[in-house]
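The values are calculated or read from the model by the stated rules, or taken from the named source; none is laboratory data. What you are looking at is a predicted structure, and each value in this text was computed from that prediction instead of being measured. A quick note on method: Cβ atoms are made from the backbone with ideal geometry, for glycine too, and the neighbour counts reach across all protein chains shown. Please note that ligands, DNA and RNA were not included when accessible areas were found on the heavy atoms of the full protein model with its side chains. Shrake-Rupley method; radii C 1.70, N 1.55, O 1.52, S 1.80 Å.
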Protein chains: 2
Amino acid sequence: MAKRSDTGEAPPLGFVEHDHGACRAAALAHARAVCVERGLKLTETRAAVLDILLESHAALGAYEVLRRLGAARGSAPQPPIAYRALDFLVANGLAHRIERLNAYVACARPGADHAGAFMICNGCGAVAEIPGEAAAKGLSRSADALGFDIARAVVEAEGSCPACRAASPESGS
Amino acid sequence: MAKRSDTGEAPPLGFVEHDHGACRAAALAHARAVCVERGLKLTETRAAVLDILLESHAALGAYEVLRRLGAARGSAPQPPIAYRALDFLVANGLAHRIERLNAYVACARPGADHAGAFMICNGCGAVAEIPGEAAAKGLSRSADALGFDIARAVVEAEGSCPACRAASPESGS
DNA sequence: CCTAGTAATGTTATGCTGTAACGGTCAAGG
DNA sequence: CCTTGACCGTTACAGCATAACATTACTAGG
């Protein structure tokens, strides 16, 4: 099963083959549109960092982003450069922080609600983003029962993606 | 109190008043029992770290644990001392790591399944542990649909506990 | 044009989080 | 006695993150 084009639900990227060039271009275009719409500036640094994250559906540590940013520029930027850009992207729903990995991924569901949940493959490092509501429904119910008011939910599953399960069957059934 | 008859399901601590001295003593006794049962050694360092975590239902960073361990001993132990003890406790279900905070809490549900979910109060720092199944059910379903095999799920909600909502009503709904 | 204000970047320095590697101690067992 | 294995002690360093301040760039108003 190579390419899927059914659009009934958002097909989660990350574990499925797709035209990544188009995926990347679309995400960048979406980011520009969002920034125009909200009066934000997608500066060169921010766009470069987003593009770095968009190179794959894996999560990158801030220092890896920083290294690639340095490589792209030919200079050696300092950590705050990367962190500020990442903070901007996360604050505006263009990227997400993966707490489990202390790392960042580009948002794979442009324009969506942005309470995503994530599946992290330990084999290949790919991260799939799925809508958070379904995953967090039970959590909301528990919170209501406790009188707890949820401001943000972190939902991250770690395991093996289909391809990695197929490659090393001993890791799961 | 809502007490289940024979499942042993406890009401979630952390946000509720309780006899914490007893809670702490019970957890320590449980830890000793678990270690005897499994042939593990609850050494002085490990017991001290567990006791430090049991001082409250808040999450503590490894270096804070380290400081308190040093205070308790009168010496100044190095990071690996704390990390090794914390790793032992986490590996054996006696404590949990809170990814969102890069910090650790004592397990509040001794003997339970150990795929907990957590609610973290931003106001007072308290952490309540709830059974993970309910919270992660939607996640499991999504994973099945994707063919993803979950090895571990991180489910952490950040927000306001009942007491803190009451104290500062502007922060909640 | 000039200027003042704001937002973003550049830079320095530092602190928190986590681990690799090696050596010492102690207990169990040949 | 000597090995083995588990744990602890220590050094050193790697990776993650931010405070604080200087500089640049854009832009709004005179």
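Observations, loosely collected:
- Residue match in region A:128-140 (condition: at the interface with another protein chain (Cβ under 7 Å from one of its Cβ atoms) and closer than 16 Å to residue A:104 by Cα): yes
- Residues considered: A:76, A:85, A:95, A:103. Of these, the only one that is in contact (Cβ under 8 Å) with a residue 12 or more places away in the chain, touching a Gly at 6+ places or on another chain (Cβ under 7 Å), within 16 Å of DNA strand D (Cβ to nearest atom) and more than 8 Å from every other protein chain (Cβ to nearest Cβ) is A:103.
- Scanning region B:1-48 for residues that are touching a strand residue (DSSP E or B) at 6+ places or on another chain (Cβ under 8 Å) and at pLDDT 90 or above yields one hit, B:27.
- Selection count, region A:19-39, where residues are over 16 Å from the mean Cα position of the chain (by Cα) and either surrounded by 13 or more Cβ atoms within 10 Å (Cβ to Cβ) or within 16 Å of DNA strand C (Cβ to nearest atom) (or both): 8
- Among the conditions (1) on the phi < 0 side of the Ramachandran plot; (2) away from DNA strand D (no atom under 13 Å from the Cβ); (3) not in a helix (DSSP H, G or I), residue A:14 misses just one, which is (1).
- Remark: pairs (first residue in region B:35-55, under 18 Å from residue B:103 (Cβ atoms); second residue open to solvent by 50 Å² or more (accessible area, probe 1.4 Å); Cβ separation under 7 Å; 6+ apart in sequence or on different chains) = B:48/B:72; B:52/B:68; B:54/B:24.
- Taking the criterion of being assigned to a loop (DSSP other than H, G, I, E, B) and surrounded by fewer than 22 Cβ atoms within 10 Å (Cβ to Cβ), the residues of region B:70-107 that qualify are B:74, B:75, B:76, B:77, B:78, B:92, B:93, B:102.
- Count of region A:159-173 residues which are of a type outside the set (Lys, Arg), surrounded by 19 or more Cβ atoms within 10 Å (Cβ to Cβ) and facing another protein chain (nearest Cβ under 7 Å): 3
- Taking the conditions (1) open to solvent by less than 50 Å² (accessible area, probe 1.4 Å); (2) without any contact (Cβ under 8 Å) to a residue 12 or more places away in the chain in turn, residue A:151 satisfies each one other than (1).
- Selection within region B:109-138 - among the hydrophobic types (A, V, I, L, M, F, W, C), open to solvent by less than 10 Å² (accessible area, probe 1.4 Å) and either part of a loop (DSSP other than H, G, I, E, B) or modelled with pLDDT under 90 (or both): B:135
- Matching residues, region A:24-60, being within 23 Å of residue A:14 (Cβ to Cβ), within 12 Å of DNA strand D (Cβ to nearest atom) and away from chain B (no Cβ under 14 Å): A:60
- Taken as a whole, region A:66-78 holds no residue that is away from DNA strand C (no atom under 11 Å from the Cβ), under 27 Å from residue A:131 (Cβ atoms) and out of contact with any strand residue (DSSP E or B) (no Cβ under 9 Å at 6 or more places or on another chain).
- Verdict on residue B:106 being of a type in the set (Gly, Ala, Ser), within 27 Å of residue B:157 (Cβ to Cβ) and at pLDDT 95 or above: yes
- In this structure, residue B:76 does not qualify as farther than 24 Å from residue B:34 by Cβ and in contact with a Phe, Trp or Tyr (Cβ under 8 Å, 6 or more places away or on another chain).
- Scanning region B:87-98 for residues that are more than 8 Å from DNA strand C (Cβ to nearest atom) and in contact with a helix residue (DSSP H, G or I) (Cβ under 8 Å, 6 or more places away or on another chain) turns up B:88, B:89, B:92, B:93, B:94, B:95, B:96.
- Selection count where residues are more than 12 Å from DNA strand C (Cβ to nearest atom) and not in a helix (DSSP H, G or I), scope region A:40-60: 7
- Condition met for residue B:47 (under 18 Å from the mean Cα position of the chain (by Cα) and loosely packed, with under 14 Cβ neighbours inside 10 Å): no
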